[in-house]
Amino acid sequence: MVSRSWYAIAVEFVKHEDPWLPLLNYASHQRTYPFRSRLVKLLGESKLSNLIFHHAVRHLVIDFASFDTIRREKSRNNVMVKRKVHHRHALTDVVQLLELCTNMERLDIICDAGFVNLLSGEHNCVSSSISAIQQQLERKGIKRLDLIGFNPIQRCPCCAGRHWDKYLTPLISCLCLDTLVLQHVLPSAQVFQTLALQTNIRKIVLHRSLITIPNTLVDKQGRTNSISRIPASLWHQITSLAIYEDMEDASTWSGRKYLHDLLDHVGPQLQEFTLQFGSKEENEASLSHLASPSSYTTTQITDPILLQLLKKCHLLQIKLVNVPEYQPIR
């Protein structure tokens, strides 16, 4: 590959920032990952030559839209039809990355309501891709799982995984998680049931995933929210909960209702609680530093619901950022 002297110089030059790492998960507007194939070759040579580059990769994003796409084409009868197109190289790149990179800690899965189109016909593209990936994940030490809703401006969190995310359960089952992050997504009951079996989860993060939804499409009066959808077993094992919302939603946030429900569901073992209304950049910065030690301490609390939460859970740390005054429950 290169001489050891040049390798030592190169390592010293890039080790502080690893500028090539973000390219691994850089996605184009077409939802392809244009740099992955070349980086796979680099990482393969790194492992072959016992270098360090393949050990530096700790984060991988999986988007099923990069493996399979739906194209609209005209048939012989001049009728528009949908055709599945499989991109084998994209799936192969992900499988090879999981095989090469032994220090992987975080896995992001893009959740798109449009993936339901990949289930139709004789071939279930989502299930097939998961089967190929799962074989490599079983030998990894991934501790953090991020489920990320695609196009949140046009899709509500509860729609992102509807009718298809149940196929994620085999993949989730082979992980040993300590952190669960839901970004613009509220998984199905099947996914939550699988997550409930993850007895090592200690931290849950909700980023724009706390919503109110009807219990049924028929009964619009009966409503529930994300808190009650999360299994009780998870609420009684987590020690850290963080809720991140956008600054522009602060005035319409149903604070008292959500906190009342949280008070009813969470267990006494909770030690850290964060509620933050921030800009996109602030929230993303917080999400990228979840593993960093907390530097904040409990401040003076006067809100009665938060006082009850403090008393029930014996919170050691609480962080409130730009939290509006709570409105009465309606």
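The values are calculated or read from the model by the stated rules, or taken from the named source; none is laboratory data. Treat the numbers as computed from the prediction; the structure is a model and nothing was measured. Every residue, glycine as well, gets a Cβ built from its backbone with ideal geometry; the counts of neighbours run over all protein chains shown.
Numbers below:
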item	result
Elements of type strands (runs of 3 or more DSSP E) contained in segment 191-275, each with 1 or more residues being over 22 Å from GLN317 (Cβ atoms)	212-214, 223-225, 240-246
Residue match in segment 197-214 (condition: over 21 Å from GLU105 (Cα atoms), without any contact (Cβ under 8 Å) to a residue 40 or more places away in the chain and surrounded by fewer than 20 Cβ atoms within 10 Å (Cβ to Cβ))	yes
Verdict on VAL185 being at pLDDT 95 or above and touching a Pro at 6+ places or on another chain (Cβ under 7 Å)	yes
Any hit, segment 65-86, residues being modelled with pLDDT under 90 and in a helix (DSSP H, G or I)	no
Total residues in segment 157-182, condition modelled with pLDDT under 95 and within 14 Å of ILE204 (Cβ to Cβ)	0
Some residue of segment 109-126 being modelled with pLDDT under 90 and farther than 25 Å from GLN190 by Cβ	no
Of residues in segment 24-38 being in a helix (DSSP H, G or I) and of a type in the set (Lys, Arg), the one surrounded by the fewest Cβ atoms within 10 Å (Cβ to Cβ)	ARG38
